[in-house]
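Enquirer: This is the structure I want to talk about, given as structure tokens.
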Amino acid sequence: MRIGELLDSGRTADVYALDANWVLRRYRDGRDATHEWAVMSYLSAHGYPVPRLGPRDADTAPRDLVLRRLTGPSMQASLEAGDLSPADAAALLAELLAELHTVPARLSPRPEDRILHLDLHPGNVLLTPEGPVVIDWGDTAEGAPALDRAVTALLLARTAVGPRAGARAAARALLEALLPRLSTHGGVPEPSLAKAAARLAEAAARRTAAPTTGAAETALTETALNDRAMSLLSELA
């Protein structure tokens, strides 16, 4: 397998071209991607929009994922460019969360548990010609859907108080449009949002405990938790 040019570098991984149709995603710290591959395969079998997976064979290191090459902007780029409205982005993000949380847990014996992304924000949604695709499943786990929603809300709030003015404005508008949608699932009120403070605290603890989280990001998380937009979540509960 010949690895080509570096196409993109994210928080923990790099993406390289393999050919016109496939890319290789490789963790820089050598993390094993086997669990991520298994979850994505499971979600794909349930019809959830994840990148198409290539084979894992003797030429594929444990830290590697071979993925179908995708075209199209991220939701974040489309929001900042004004090509996607906050209302439309909120509807799509809420739909992606709700659809994900219909997929039963793969391993957990608890019937209420679902597959969680735990990093679902506009930068991890690609708007391809075939439709939206959710990428970057490195933090995936199983548990209560309310935690996944809280993580998404927290990540948006963190961007809304962050250093980039364009990103701040887009994130704040999206967050305020999204929060009312997070209070319902298919039109049915979510009683778990009555525990909004506890869920947000759990989400913040997960993010700050990550090995890649530095002091600056921890401070942003604290600011985000105290932000006016985040108070809307508890008001909706």
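The values are calculated or read from the model by the stated rules, or taken from the named source; none is laboratory data. None of these values were measured; they are calculated from a predicted model. With ideal geometry, Cβ positions are generated from the backbone for all residues, glycine too; neighbour counts draw on all protein chains shown. Heads up: the accessible areas ignore ligands, DNA and RNA and are worked out on the full protein's heavy atoms, side chains in. Shrake-Rupley method; radii C 1.70, N 1.55, O 1.52, S 1.80 Å.
Enquirer: Work out the charge dipole of the chain with +1 on the Cβ of Lys and Arg and -1 on the Cβ of Asp and Glu about the Cα centre, then indicate which of PRO73, ALA91, LEU200 is farthest towards its positive end.
Expert: LEU200
Enquirer: Can you compute the charge dipole magnitude of the stretch 9-95 about its Cα centre, using +1 on each Lys and Arg Cβ and -1 on each Asp and Glu Cβ, nothing else charged? Give it in debye, rounded to the nearest 20. The partial results should precede the final answer.
Expert: Details: 10 positive and 12 negative charges, 47 e Å.
Dipole size: approximately 220 debye.
Enquirer: Then there's this: Looking at the square roots a ≥ b ≥ c of the eigenvalues of the Cα gyration tensor of the stretch 1-109, which shape do they give, rounded for a/c under 1.5, prolate if a/b is larger than b/c, or oblate?
Expert: Details: a/c = 2.17, a/b = 1.24, b/c = 1.75.
Oblate is the answer for the stretch 1-109, as a/c is 1.5 or above yet b/c matches or exceeds a/b.
Enquirer: Would you kindly state how much longer the chain becomes between ASP14 and THR212 on full extension, computed as 0.36 nm times their sequence separation minus their alpha carbon distance, in nm to one decimal?
Expert: Working: separation 198, 0.36 × 198 = 71.28 nm, distance 1.49 nm.
Result for the pair: 69.8 nm of gain on full extension.
Enquirer: Dipole magnitude of the stretch 84-157 about its Cα centre, charges +1 at Lys/Arg Cβ and -1 at Asp/Glu Cβ only, in debye to the nearest 20? It would help to have the intermediate numbers written out before the result.
Expert: Values: 4 positive and 11 negative charges, 31 e Å.
It comes to approximately 140 debye.
Enquirer: Carbon-plus-sulfur fraction of the accessible area of the chain, 1.4 Å probe, in percent?
Expert: Taking all protein chains in place, the chain shows 54 percent carbon and sulfur surface.
Enquirer: Compute, for the chain, the length of the dipole vector about the Cα centre, with Cβ point charges of +1 (Lys, Arg) and -1 (Asp, Glu) only. Units Debye, rounded to 20. Numbers along the way, then the final one.
Expert: Details: 25 positive and 30 negative charges, 49 e Å.
Here the size comes out at about 240 debye.
Enquirer: Residues in the stretch 133-156, backbone N under 20 Å from the label point at ARG52 (7 Å along the Cα-to-beta-carbon vector): list them, ranges by number please.
Expert: Within reach of a label on ARG52, which here means backbone N under 20 Å from a point 7 Å along Cα→Cβ, the stretch 133-156 contributes 133-137.
Enquirer: If you count only protein heavy atoms with a 1.4 Å probe, what accessible area per residue comes out for the chain, rounded to a whole Å²? Working shown, then result.
Expert: Details: 11270 Å² over 237 residues.
Heavy-atom SASA per residue in the chain reads 48 Å².
Enquirer: Oh, and also: Are there DSSP H segments in the chain that both extend 24 Å or more along their axis (alpha-carbon positions) and score a mean Kyte-Doolittle hydropathy of at least -0.5? List them, or say none.
Expert: Details: long enough: 165-182 (25 Å, 0.70).
Qualifying helices: 165-182.
Enquirer: Can I ask one more? Considering Cα pairs under 8 angstrom that are at least six residues apart, work out the relative contact order of the chain and quote it in whole percent. All intermediate terms of the calculation are to be shown ahead of the outcome.
Expert: Values: 379 pairs, mean separation 37.0, N = 237.
Over the chain, the number comes to 16 percent.
Enquirer: Expected output is a single nm value to one decimal: the length gained when fully extending between THR128 and ALA98, i.e. 0.36 nm times separation in residues minus the C-alpha distance. What is it?
Expert: Details: separation 30, 0.36 × 30 = 10.80 nm, distance 1.99 nm.
In short, 8.8 nm is gained.
Enquirer: Classify the stretch 98-168 from the C-alpha gyration tensor, please: rounded if a/c falls under 1.5, else prolate or oblate depending on whether a/b exceeds b/c. Let's see the in-between values first.
Expert: Working: a/c = 2.87, a/b = 1.58, b/c = 1.82.
Because a/c hits 1.5 or more and a/b fails to exceed b/c, the stretch 98-168 counts as oblate.
Enquirer: Further question on the same structure: Report the calculated FRET efficiency for ALA81 and THR34 (r = Cβ-Cβ distance, R0 = 30 Å), to the nearest 0.05.
Expert: Details: r = 36 Å, r/R0 = 1.22.
In this case the efficiency is close to 0.25.
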